[in-house]
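A.B. asks: Starting off with a structure, shown below.
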Amino acid sequence: MARAGETDADTYTYDRAQRGFHWLMAVLILVGLALGIYAAWQVPGTSPRREILDIHKSIGLTVLLLLPLRVVWRLIAGEPAYRAPPSRSAHLAAKAAHLTLYALMLLLPVSGYVYSAAGGYGLPWFGLFSFPRLVPVDKALSASGYTAHYWIAWGVGIVLGLHVLAVAWHAWIRRDEVMGRMWPRRAVGG
């Protein structure tokens, strides 16, 4: 049953803010991953690698700042109902996948921060300011941050790939409502 001011479709979809967080962070993460991969192929210490890494870091720090806002709003707004609830095992698998994605969205920028800060590298945010260095300059810590960042990035890529496959499975094989829950609503009628 829809609440006051809601349509029936509102009951079964995430609210505008949750959809906005989802799609904004999806774009940021995909662009950040692409820039990180591209920068890895560039000669260290040269242009355009430095500039690409500054944008890469800015995106990562943006994701890190948006994540708590997204989590708090998710806790406040909750999850929409299903018209046809998934099986218990499918629901638990989705919960585990989402928790894994949230953990990776936290760990990836934190490990990148540790790598850069401990390595004595800058922590710019789109050229507007620099984040403070909260860890000492320490080559061993920087190397550990790099290793963690590298493997967590692989984890993000794998989990995002599985996420997209699951969405495709729901949309084209099961033909259920899962994708519509996060997709922008379209006006009905007209």
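No lab work stands behind these numbers, since they all come straight from the coordinates. Keep in mind it's a predicted model, so treat the numbers as computed, not measured. Because the Cβ atoms are built from the backbone with ideal geometry, glycine has one as well, and the counts that use them run over all protein chains shown.
A.B. asks: Springs between alpha-carbon atoms under 10 Å, Gaussian network over the chain: tell me which of Trp172, Trp23, Trp125 tops the mean-square fluctuations.
C.D. replies: Result: Trp172 has the largest fluctuation of those listed.
A.B. asks: What fraction of the Cα pairs in the chain, stated in percent, has a spacing above 22 angstrom?
C.D. replies: For the chain, the fraction of Cα-Cα distances above 22 Å is 54 percent.
A.B. asks: Ranking Lys57, Lys139 by Cβ neighbours within 10 Å, fewest first, what do you get?
C.D. replies: Numbers: Lys57 26, Lys139 10.
Ranking Lys57, Lys139 by Cβ neighbours within 10 Å, fewest first, gives Lys139, Lys57.
A.B. asks: Let me ask something else. Which value at 222 nm does the chain reach when only helices count, each DSSP H run of 4 or more adding -39,500 (n - 2.57), with the total divided by all residues and rounded to the nearest 500 deg cm²/dmol? Walk me through the intermediate numbers first.
C.D. replies: On the way: 5 runs with 119 residues, N = 190.
Mean residue ellipticity at 222 nm (helix-derived): -22000 deg cm²/dmol.
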